[in-house]
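The values are calculated or read from the model by the stated rules, or taken from the named source; none is laboratory data. Nothing here was measured: the structure is a model prediction, and the numbers come from that model. A quick note on method: Cβ atoms are made from the backbone with ideal geometry, for glycine too, and the neighbour counts reach across all protein chains shown. What goes into the accessible areas is simple: the full protein's heavy atoms, side chains included, and nothing from ligands, DNA or RNA. Shrake-Rupley method; radii C 1.70, N 1.55, O 1.52, S 1.80 Å.
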Amino acid sequence: MAMIGYVARVLTGVRFKKMNHMIDVVHQKCGQNKVRTFFDMLWCAVRYGAGYYDYTMFGFYDMTGAQRDTYLTRVRNKKVSNIMNDMAHDDDFDDKLLFNVRFAKYLRRPTLNGETATPEQMAQFLEGQEAIFAKINHGSCGNGVEKLYVKDFESPAAMLDYIREKKLVVLEHVQAQHPDMARLHPQSVNTMRICTDLVDGQVHIAYITLKMGRGGGVCDNSGQGGILCRVDIDTGKICSPATDDYFNVFDKHPDTGIPLVGYQLPMIEEAKALACQAALEIPEVGHVGWDMAIGPDGPAIIEGNDFPGTDLCQLAPFCPEKTGLWPYYKELLHL
């Protein structure tokens, strides 16, 4: 029923424009006839639960049916989340103010609730800081994040007025980075997305993806112009070219020129251990994507996502073998 409902929504006017854009992208990439692509997208929605964005991101236009059937598609990802995550705990992750309290020991940096802070508490929070990060409480894909510089405000009270006006009430000190993370793109806090799955008391790591800023932006999210790479879980080395939300592929970071494949990320074992420890905090939520920074002295969680997307781990440049994550979840959950 979920698949049928999805196909019905695709055919509404609201989504058709986006679908048509993806059809154009496929045509530009491989020359496939647009009418053929349209019907192939519909078939993949019915057969594999794939959205038109899945079809394009994963490269379904250049796969056999058997290869397509290995991918964790939109509908399948929803099924995994429904099995593993209790919706009663959504706010433990979606409410960033609540998350920062619940997971305070994993953040390893000071935070402040801008909704309840007094001017005196704000002044104390800003003491010795050049800048802070301010976020909206319920945001995703890097939306609603600003880096605020103390020098740009007359007083702590003035900054507090600004963040309340803009509803940027999740306040955090800027996370210092390990040099090997910072050099990839120094202006942003570059993070690893480590996806953990808690089953029968044991934590499994499904994938690790590296997110990097680009163009001087302060956010590493691809939705804000950043780029993504696949990371080898065992070695912590980048094992794919980078890509972005516009399907461009990069062998080197487009700003710093650093070659990506083979680049060794620091403290990978410590980062995995911290993610696995955090995964045990709320056992009712077993499927979580942890955004993990690496500081000079160790890893620090930026946030947790209880509905990690399928795009971060299965983009076409990440999977030259054309094998996705669905077999992993079928075995893990006995589906």
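Relative to the dominant Cα principal axis of the chain, helix 268-278 is inclined by about 90°. Using R0 = 22 Å, the C-beta based FRET efficiency linking residue 138 and residue 82 works out to 0.60. Measuring against 25 Å, Cα to Cα, the residue pairs 79/167; 147/272; 78/330; 237/272 contain 79/167; 147/272 as the ones spanning a longer distance.
Taking the chain as a Gaussian network of alpha-carbon nodes connected by springs under 10 Å, the highest mean-square fluctuation of the residues 178, 204, 89 belongs to 89.
Between beta-carbons, use under 11 Å as the cut-off and find the net charge around residue 242, counting Lys and Arg +1, Asp and Glu -1. Present the calculation step by step, with values, prior to reporting the outcome.
Working: positive: 211, 214, 230, 252; negative: 244, 251.
Here the count lands on +2.
When +1 charges are put on Lys and Arg Cβ atoms and -1 charges on Asp and Glu Cβ atoms, the dipole computed for the chain relative to its Cα centre reaches about 1340 debye. Per residue, the chain reaches -10000 deg cm²/dmol at 222 nm when only DSSP H runs of four or more residues are counted, each adding -39500 (n - 2.57).
Highest mobility in the GNM of the chain, judged by mean-square fluctuation with C-alpha springs under 10 Å and restricted to 38, 58, 99, is found for 38. Computed from label points 7 Å out along Cα-Cβ, the spacing between residue 205 and residue 46 is 4.1 nm.
Percent of accessible area on the chain owned by carbon and sulfur, 1.4 Å probe?
On the way: 8110 of 15360 Å².
The C+S portion of the solvent-accessible surface of the chain is 53 percent.
Could you work out how much longer the chain between residue 248 and residue 155 gets when fully extended? Use 0.36 nm per residue separation minus the Cα distance between them, nm to one decimal.
Numbers: separation 93, 0.36 × 93 = 33.48 nm, distance 4.30 nm.
In short, 29.2 nm is gained.
Taking K and R as +1 and D and E as -1, what net charge do the other residues with C-beta under 11 Å from the C-beta of residue 281 add up to?
0
Testing the spin-label approximation: label points 7 Å from Cα along Cα→Cβ at residue 333 and residue 130. State their distance in nm. A separation of 4.5 nm, rounded to one decimal place.
Using only Cα atoms, what is the ratio of the radius of gyration of region 155-221 to 2.2 N^0.38 Å? Could you put the intermediate results ahead of the total?
Details: Rg = 16.9 Å, N = 67, 2.2 N^0.38 = 10.9 Å.
Rounded to two decimals, the normalised Rg is 1.55.
Out of (1) 5, 24, 32, 25, 11, 2, 0; (2) 6, 21, 26, 23, 15, 7, 2, 1, 0; (3) 5, 21, 23, 19, 15, 10, 6, 1, 0, which label holds the value of P(r) over Cα pairs in 10 Å bins from 0, in percent that was computed here? Derived directly from the coordinates: (1). Length available on full extension from residue 38 to residue 264: 0.36 nm per residue minus the Cα-Cα distance, which gives 77.3 nm.
Distance between the 7 Å Cα→Cβ label points at residue 115 and residue 307: 2.0 nm. Largest GNM mean-square fluctuation across 221, 82, 137, computed for the chain with C-alpha springs under 10 Å, falls on 82.
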